[in-house]
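So the structure is just underneath, and the comments pick up after that.
The values are calculated or read from the model by the stated rules, or taken from the named source; none is laboratory data. Fair warning: this is a prediction, and the values are worked out from it, not measured in the lab. Positions of Cβ are backbone-derived with ideal geometry, glycine not excepted, and every protein chain shown enters the neighbour counts. The protein model used for the area step is the full one, side chains on, heavy atoms only, and it has no ligands, DNA or RNA in it. Shrake-Rupley method; radii C 1.70, N 1.55, O 1.52, S 1.80 Å.
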Amino acid sequence: MRAQALSARGGRALEDIMSLTPIGGHLFDRSGHKVTTASLRDRKLHRDPITCITAYDYATARLVDEAGAEMVLVGDSLAQTMLGYENTLSVTMDEMLHHVKAVRRGVKNALLIADMPYGSYQVDAKDAILNAARFVKEGGAEVVKLEGGERRADLIRRIIDAEIPVAGHIGLTPQSVNVMGGYKVQGKNLGGIEQLMRDAVALDRAGVACLYVEGIPREVAAMITAEVSTPTIGIGAGPDCDGQVLVFHDILNLTFGPPAKFVRRYGDGATLVRNAVQGFRADVRSRQYPSDEESYHLPRETRAALETVLARKRAMGR
Ligand code: KIV
């Protein structure tokens, strides 16, 4: 049967013949580097570390994508980094969508993940699916992320049933800040470890595309990573995860405060911006900006005509 199917189609495998040429769509740039949920799994299998970074606007998204990050997360951390809120609880669906759309325009190859904000999935499953679909349909996200362990497994299954890949997020989940009584490392005792393992396994079975693990001991993150088939993406979870995520503003010193223990700074954006703005201001005040070369000029004929008009006016005593 299989031989017949092959020979009738000139010996090419069925899946080659069935694959469609994508029509339009910037998601397929034909470079062969487009990251997908399937390629994330391949990376886990091949122990090829995954880099994820947050982005919240077009320019940053382009830079992050062009620098080769495999995943771009429009995190609800934009509540603090972009909007100046106290924590992530205030940010709304519309605010998140606004940023997801901008990031979509800047990302070509990386997998684009949109964070579901607090209140958009905790209340009602139907609302959660509709909100997840808005991120895909209006925002162009490829995966949605939501926080919580085994108690979210059924909801995650329902969202996946609606053809929307889901990223899980367990451990220190910032949307639970009031329940946790602060941003505290989770899974530090045997009960906590057992709960985290149950959470990880439940979400893996529910079919998450990847699992963010935040603020947990390195040993526990390593156990989870070994146990689940989905890639783990760590933040404050040690080096044994399948990938690492950091907040863009953290790696560039744009957070106006001391960094968390796990943050490594790769640049000083604050100093760069301050120096640039102070330099501009100094040039404006000393009239060194703009120079003649940075100015537009009249065409020669217009200038000559203008001089004639002005000379005539002067001669007429005006
Ligand atoms: O919102 C965010 O930036 C996140 C990451 C820290 C995982 O959820």
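Every residue, every condition in (1) within 24 Å of Ser176 (Cβ to Cβ); (2) more than 13 Å from the ligand (Cβ to nearest atom); (3) modelled with pLDDT of 95 or more, yes or no:
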residue	(1), (2), (3)
Gly68	no, yes, yes
Thr81	yes, no, yes
Tyr118	yes, no, yes
Gln122	yes, yes, yes
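Just one of (1) among the aromatic types (Phe, Trp, Tyr); (2) assigned to a helix (DSSP H, G or I); (3) over 30 Å from Thr255 (Cβ atoms) fails for Phe280. It is (3). Have a look at Glu147, Glu163, Glu142 and point out the one that is surrounded by fewer than 20 Cβ atoms within 10 Å (Cβ to Cβ) and of a type outside the set (Phe, Trp, Tyr). Only one candidate qualifies: Glu163. For Gln175, work out the one condition from (1) more than 21 Å from the chain's Cα centre (by Cα); (2) within 16 Å of the ligand (Cβ to nearest atom); (3) of a type in the set (S, T, N, Q) it doesn't fulfil. Failed condition: (1). Against the numbered list (1) out of contact with any strand residue (DSSP E or B) (no Cβ under 6 Å at 6 or more places or on another chain); (2) open to solvent by less than 60 Å² (accessible area, probe 1.4 Å); (3) modelled with pLDDT of 95 or more, Asp242 comes up short only at (1). Among the residues of region 257-272, not a single one is surrounded by 14 or more Cβ atoms within 10 Å (Cβ to Cβ), touching a residue at least 24 places away in the same chain (Cβ under 8 Å) and more than 14 Å from the ligand (Cβ to nearest atom).
Find the residue count for region 49-88, including only residues that are of a type outside the set (Gly, Ala, Ser) and closer than 20 Å to Gly236 by Cα.
17
For Asp250, state whether it is charged (D, E, K, R) and either open to solvent by less than 30 Å² (accessible area, probe 1.4 Å) or within 21 Å of Tyr56 (Cα to Cα) (or both). Yes; evaluated as a whole, the condition is true for this residue. Restricting attention to region 104-139, the residues that are crowded, with 24+ Cβ neighbours inside 10 Å and assigned to a helix (DSSP H, G or I) add up to 2. Filtering region 172-202 to residues that are over 15 Å from Ile224 (Cα atoms), assigned to a loop (DSSP other than H, G, I, E, B) and small (Gly, Ala, Ser) leaves Gly181, Gly182.
Just one of (1) away from the ligand (no atom under 13 Å from the Cβ); (2) in contact with a strand residue (DSSP E or B) (Cβ under 8 Å, 6 or more places away or on another chain); (3) within 21 Å of Leu130 (Cα to Cα); (4) assigned to a helix (DSSP H, G or I) fails for Lys101. It is (2).
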